[in-house]
Amino acid sequence: MNKLILLVKKPGHVYKCLISYIKYGLRAKEFHYSNFIERPLELKGIQNLSLGKGAFIRKNAYINILPFTGESHVEFKMGDHSHLNYSAHVIASKKIIIGKDCNIAPYVYIADNTHSYKNIDLPIKSSPIQQLRPVSIGDGTWIGTHAAIIGCSIGKHCVIGANSVVTKDIPDYCVAVGIPAKIIKRYDFSTQSWRKTNPQGEFIN
């Protein structure tokens, strides 16, 4: 019954999901009939992609899920109802996991690797890829536009401000902003309110 209602109310959405399933879903590791991928700029390693129910990827996304660093297992996974928005970049050479109900805003960059720069006789663009820690983003988190998430974990129900660069772990229920990103607020369960913190996440008032 729910599928019939969706077909009547949102025929364009149903068509988009159907085309995506035919074009991408049959090759992906996990793909649901409610998923769609909308005209990616590039999508390599689709066999390593897993999408939960209702998850989608907007157009012009650049996604590369390949073992650049020689890893035996590579994956990029998005949980149920998570959204990767316009022109996002995801470069996974080992593991990037996005939880449920996450919103990744346009132009966000997420990577578990970087270019090495140690050998000064090589241009950085020609230097080998350096594997960093796997990336994870917890359930219900919002990543603001133009943010960069590189080799770190972000907890659940967090807000990462626009243009922030996150290279260190952010715990659950935090607001973090800046370059490099620092915690400025954290939810206090004892008072049931969001309170200001120092960069270490300790309450200051």
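Readers should treat all values here as calculations from the given coordinates under stated rules, not as data from a laboratory. Remember, predicted model here, so these are calculated numbers, not experimental data. Don't worry about glycine lacking a Cβ; one is built from the backbone with ideal geometry, like all the others, and counts go over all protein chains shown.
For the chain, the share of DSSP beta bridges that are antiparallel, to the nearest 5, is 25%.
I'd like the trypsin sites (Lys or Arg not before Pro) in the stretch 115-173 restricted to DSSP loop residues with at most 16 other Cβ atoms within 10 Å, sorted by number.
K118, K168
Within straight-line reach of K44, meaning a Cα separation under 14 Å, sit the following aspartates and glutamates at least 8 residues removed in sequence or on another chain: E75. Each residue, S116 and L41, gets one label point 7 Å from its Cα in the Cβ direction; the gap between the two is 2.7 nm. Close amide H partners of V90, meaning residues 5 or more places away or on another chain with modelled amide H under 5 Å apart, are Y62, I63, N64, I110.
So if I place +1 on the C-beta of Lys and Arg and -1 on the C-beta of Asp and Glu, and nothing else carries charge, what would the dipole magnitude of the stretch 105-205 be about its Cα centre? I want it in debye, nearest 20.
Computed charge dipole of the stretch 105-205: roughly 180 debye.
Using 18 Å as the Cα-Cα cut-off, could you pick out the over-long pairs in K23/K94; K118/K182; K100/K196; K118/K168; K29/K94? From K23/K94; K118/K182; K100/K196; K118/K168; K29/K94, over 18 Å: K23/K94; K118/K182; K100/K196; K118/K168.
In a DSSP loop and with at most 14 other Cβ atoms within 10 Å, the chymotrypsin sites (Phe, Trp or Tyr not before Pro) in the stretch 10-100 are Y33.
Report summary: the helix-based calculation at 222 nm, which adds -39500 (n - 2.57) for every DSSP H run with n ≥ 4 and divides by the residues of the chain, gives -2500 deg cm²/dmol. Put a dot 7 Å past the Cα of S87, heading toward its Cβ, do the same for I19, and the two dots end up 2.2 nm apart.
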